[in-house]
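In what follows, a single structure is set out as structure tokens and then discussed.
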Amino acid sequence: MGAYENPAANVDTQTGQHYRNLQQSIVTTTSNVMNVLADKAEKRKKELEQNENKIKSIQLKSEDRKLEMYSDLAKISAGTPGLNLHETYAEIIDDYANIGAGLDNFTSTDRSGDIRKMAAYKASPGLLRGDLASLASVDGQLTEGIKNIGKVGGLYTGIPGKGGVTPDFINWWQVYKGEKPGTIKSVVDRNDPTKRTWNATWRGEDGKEITYPMDGNKFSKLSDSSGGVVTYIPDQFNHMQDSKMRSGVYSSTTSPDAKGNSVQKIGNIAEEYLGEVVYKEADDIVPGKKVENVFRNINEAKIREALKPIDEEDAITLIASDNGRSAEAWYNTMYKGSAGFNPILAKDIITPDGKKAFQKAYHDYHVASLPKQQVVLSADSRQAQRITDTTPKGGFGGGGTPLSENAKLKIEKENTQRERSLKLLNNSKNSSPILSPDLKQKMQWDNGDKKWYAYRLSPSANKYAIDNEIPGETSRNAMAKIIGLID
């Protein structure tokens, strides 16, 4: 080797490459991380957008639920003046929407319970609609019942403090109908929307507000007495007519009605239930003749025996129809004002002794309503009459001593007086009373009793007091006496 030699040189050709590779790796890794972060950010953005859309969707669905219920309530209250259900349902509608939102976003902690609440809330307006439909269905009947209150077919007022329809209920109905100033408001239980009341508010005579609630669940029971809300005074006339025919006491005929249906009509009392023949003076005027209509007395004892089992059965049916309420209404209405009358209550009627007492009262009333006589008809179906010659012997054209002119004039005057009194009698029904010339007596027709009554003026009281009933067969002569035609 020479005095000086260059050592062998090692040239590094890999380090730079490693740096380059490392730099590329860092770039790539950074890029990948950035891409991942970007993807996550995009995904999060999409999730946020989806959540926002979901929230908006839930909010929109809640608003739709509110709108649907408010719209339904508006339709329900549209037909009832003064009824505003929005105020009643404000909190319930909020609950309905909020519970629905909780179910939609799965934040509800009691899904089954909340679903039941939702169903109850949703069904509640339908219950109100049903209440109003029930009221509409009894509108005519209830209005007529109030109009005829205390009468057959009308509402029963009951015994004060012991049942029957109250003035408050009548005022409630009139407010609801818009016939009385006031407001009607539905109050629904927030926890149980099936429970609801309809409150009517009006001002009393003293100016103070009166509020009367009605349970909506009872509206469907206003059509008859079985619901316990109102009691109608039953009309037993048709039942009694039917029992007369079923017992055989009365004959019957069958004929078609306007629709072609066979209808049974009551006829006359059967021959076996009639008694002796009686005669009553007729209104017919025949000079020189006495005209009498022919009647037959009824055999009341025999009729009573025939009607008793059917009347007792009908009485028990009436008691059972509504636990004695209609029976109470019927008895206290039919017997009111009679001698010894004492009102009875349904709770007493339904006892064994009460049932027996009511059966007897029902039967007695039926028998008492029967006519005492029946008209006898001639062969041509007219009122049979007996005509007797009252012209004295030797009268007009007859043998014996002729009547004097004064006697003839007297007979003619009496006939004229009878004709005038009969005409006056017939024309005065349903009009003003007939007064005597000295104004101390009067006769007046009672359209309810279908009878004439005589009244006498009381000087001390300066008013007319009933004197006596005028029997139909003698009313003509009584009339003539009062108006001064006959002494």
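Values computed for the structure shown
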quantity	calculated
In the range 296-312, the residues that are touching a residue at least 60 places away in the same chain (Cβ under 8 Å) and buried (at least 16 other Cβ atoms within 10 Å of the Cβ)	Arg296, Ile298, Ile303, Arg304, Leu307, Ile310, Asp311
Residue in the range 135-147 that is closer than 30 Å to Glu328 by Cβ and assigned to a loop (DSSP other than H, G, I, E, B) present	yes
Lys290, sole failed condition from (1) modelled with pLDDT under 95; (2) basic (Lys, Arg); (3) assigned to a helix (DSSP H, G or I)	(3)
Any chance Val263 is in contact (Cβ under 8 Å) with a residue 40 or more places away in the chain and either open to solvent by less than 70 Å² (accessible area, probe 1.4 Å) or within 30 Å of Lys336 (Cα to Cα) (or both)	no
Filter result for Thr197 (touching a helix residue (DSSP H, G or I) at 6+ places or on another chain (Cβ under 9 Å) and either closer than 27 Å to Ser124 by Cα or surrounded by 15 or more Cβ atoms within 10 Å (Cβ to Cβ) (or both))	yes
Residues (part of a helix (DSSP H, G or I) and buried (at least 17 other Cβ atoms within 10 Å of the Cβ)) located in the range 313-327	Asp314, Ala315, Leu318, Ile319, Arg325, Ser326, Ala327
Number of positions in the range 62-86 that are free of Cβ contacts under 8 Å to residues at least 24 places away in the same chain and out of contact with any Leu (no Cβ under 7 Å at 6 or more places or on another chain)	8
Failed item, numbered, when Trp330 is tested on (1) in a helix (DSSP H, G or I); (2) aromatic (Phe, Trp, Tyr); (3) open to solvent by 70 Å² or more (accessible area, probe 1.4 Å)	(3)
Single residue of the range 85-134 satisfying the filter (touching a strand residue (DSSP E or B) at 6+ places or on another chain (Cβ under 8 Å) and among the hydroxyl-bearing types (Ser, Thr, Tyr)) that is modelled with the lowest pLDDT	Thr88
Top-ranked residue of the range 346-388 - restricted to ones that are in a loop (DSSP other than H, G, I, E, B) and modelled with pLDDT of 90 or more, ranked as farthest from Asp283 (Cα to Cα)	Thr351
Hits in the range 254-273 (condition: within 30 Å of the chain's Cα centre (by Cα) and in a helix (DSSP H, G or I))	none
Scope the range 233-255; condition of a type in the set (S, T, N, Q) and over 21 Å from Ile319 (Cα atoms); matching residues	Ser247, Ser251, Ser252, Thr253, Thr254, Ser255
Positions within the range 274-312 being farther than 26 Å from Ser247 by Cβ and either among the small types (Gly, Ala, Ser) or within 39 Å of the chain's Cα centre (by Cα) (or both), in sequence order	Ala282, Gly288
Residue within the range 338-345 that is surrounded by fewer than 17 Cβ atoms within 10 Å (Cβ to Cβ), among the hydroxyl-bearing types (Ser, Thr, Tyr) and assigned to a loop (DSSP other than H, G, I, E, B) present	yes
Qualifying residue in the range 232-253 (condition: within 26 Å of the chain's Cα centre (by Cα) and either among the hydroxyl-bearing types (Ser, Thr, Tyr) or at pLDDT below 85 (or both))	yes
The lone exception for Tyr212 - which of (1) part of a loop (DSSP other than H, G, I, E, B); (2) open to solvent by 30 Å² or more (accessible area, probe 1.4 Å) it fails	(1)
Residue list for the range 148-190, filter: more than 11 Å from the chain's Cα centre (by Cα) and in a strand (DSSP E or B)	Thr183, Ile184, Lys185, Ser186, Val187, Val188
The one condition in (1) modelled with pLDDT of 90 or more; (2) surrounded by fewer than 12 Cβ atoms within 10 Å (Cβ to Cβ) that Lys162 fails to fulfil	(1)
Evaluation of Ala78 against (1) open to solvent by 30 Å² or more (accessible area, probe 1.4 Å); (2) touching a Phe, Trp or Tyr at 6+ places or on another chain (Cβ under 7 Å) (one fails), failing number	(2)
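The values are calculated or read from the model by the stated rules, or taken from the named source; none is laboratory data. Here the structure is a predicted model, which means the values were calculated and not measured. Note: ideal-geometry Cβ built from the backbone for every residue, glycine included; neighbour counts use all protein chains shown. The area values use the complete protein model at the heavy-atom level, side chains included, leaving out ligands, DNA and RNA. Shrake-Rupley method; radii C 1.70, N 1.55, O 1.52, S 1.80 Å.
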